[in-house]
1. Taking only pairs six or more apart or across chains, which ones have beta-carbon atoms under 6 Å, a first residue in segment 49-68 that is in contact (Cβ under 8 Å) with a residue 40 or more places away in the chain, and a second residue that is surrounded by fewer than 18 Cβ atoms within 10 Å (Cβ to Cβ) and among the hydrophobic types (A, V, I, L, M, F, W, C)?
2. Just give me the residues in segment 87-106 being in contact (Cβ under 8 Å) with a residue 60 or more places away in the chain and either closer than 24 Å to ALA162 by Cα or of a type outside the set (A, V, I, L, M) (or both), in sequence order.
3. Cβ-Cβ below 6 Å, separation at least six or inter-chain, first residue in segment 146-165 and closer than 15 Å to ARG196 by Cα, second among the acidic types (Asp, Glu): which pairs?
4. With respect to the numbered conditions (1) surrounded by fewer than 24 Cβ atoms within 10 Å (Cβ to Cβ); (2) over 14 Å from the mean Cα position of the chain (by Cα), which one is the sole condition not fulfilled by THR15?
5. Does SER56 fit the bill of being under 21 Å from the mean Cα position of the chain (by Cα), over 30 Å from ALA267 (Cα atoms), modelled with pLDDT of 95 or more and among the polar types (S, T, N, Q)?
6. Run down LEU89, LEU76 and say which single residue is more than 19 Å from the chain's Cα centre (by Cα) and hydrophobic (A, V, I, L, M, F, W, C).
7. Go through ALA152, ALA170, ALA182 for me and flag whichever is under 18 Å from LEU89 (Cα atoms), under 18 Å from the mean Cα position of the chain (by Cα) and assigned to a strand (DSSP E or B).
8. Among the residues of segment 47-58, is any crowded, with 17+ Cβ neighbours inside 10 Å, in a helix (DSSP H, G or I) and either in contact with a His (Cβ under 7 Å, 6 or more places away or on another chain) or hydrophobic (A, V, I, L, M, F, W, C) (or both)?
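The values are calculated or read from the model by the stated rules, or taken from the named source; none is laboratory data. All of these numbers come straight from a predicted model, not from anything done at the bench. Positions of Cβ are generated from backbone atoms using ideal geometry, with glycine treated the same way; all protein chains shown enter the neighbour counts.
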Amino acid sequence: MKKDSPKRSVAARVTLVEVGLRDGFQMEKKPVPTALKIELVSALVDAGLRRIQAASFVHPQKVPQMADAEELFRRLPKISGVRYSALVLNPQGLARALAAGVKELEISVSASDAHSRRNAGMGAEKALGKGLAMIREAKSARVVVRGGIQCAFGCASEGRIAQERILAMAEAFLAEGVDLLALCDTAGMAGPVQVRRMLDRVMPAAGSIPLAVHLHDTRGLGLVNAAAALDSGVTHFDTAAGGMGGCPFVAGAAGNIATEDTAVLMAKMGVETGIDIAKVAGVTERLEAFFGKRFPARNRKELICQPICKP
């Protein structure tokens, strides 16, 4: 007898978390002035983005684009309803972020030992222990904490990571009181069936804690995976204007799902985002002019001037 599938509930509205200033810029060699970052933040807010991951507190020699993290957070415009966050990977980064007065942090740990050694300079088990201690410290400082599991859907070096490992990491994060849990397809290896199966395991453990997915489009399945996550009840989606991004420690990793493309997908599925898609496309055009390259987002201004038919 066929087993019934878990009952799914699709949200009427979802949150797009803009990560281009962090995940996107870390892959670009041309330095982005702090003043331009501030201008871009203002333009993204004007486009309807209310959750922006503005920087990571990492070693400036390893990721030069993030060297101005403290200055950037000092200068970010204070706008009602807009929340800025930063990524931290180790205790040193956490100390810097807390000293800079950052109120929302993502503390992210890789499920892959090989990736963890390249990304954090230590094995996965050691990194997890440090990550949990960092969550406790951040929570004691009354910071909103998002727990991120990198390579949750596979590693370019190790292949598929066992669901049991991801679930155990998720339960450890949840036990420390994270405010949101993120599953990250760092290497862009996920497929929609895998996404649904993983979320079927993690969602019950999360309970009332919201889940986010951080999807890369390495194999062209980013939006398909986003649709699968939406169908599984996910309400937060990391996106990057233009589809910028990647991982410096994953060879060939493509960018994040594009903010404008994800907003179009959600509109087509009858889900509200509050995003002005044409304005995001304008930000992408500005970034392309600055970097002298074209980013992979498919919804250009010439398409967006046409009406987006909702279901």
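1. Every condition considered, the pairs that remain are ARG50/VAL82.
2. To start, the set of residues in segment 87-106 that are in contact (Cβ under 8 Å) with a residue 60 or more places away in the chain comprises 87, 106.
Correct list: GLU106 only.
3. Every condition considered, the pairs that remain are PHE153/ASP185.
4. (2)
5. Yes, satisfied.
6. Answer to the selection: LEU76.
7. ALA182
8. Scanning segment 47-58 turns up no residue that is crowded, with 17+ Cβ neighbours inside 10 Å, in a helix (DSSP H, G or I) and either in contact with a His (Cβ under 7 Å, 6 or more places away or on another chain) or hydrophobic (A, V, I, L, M, F, W, C) (or both).
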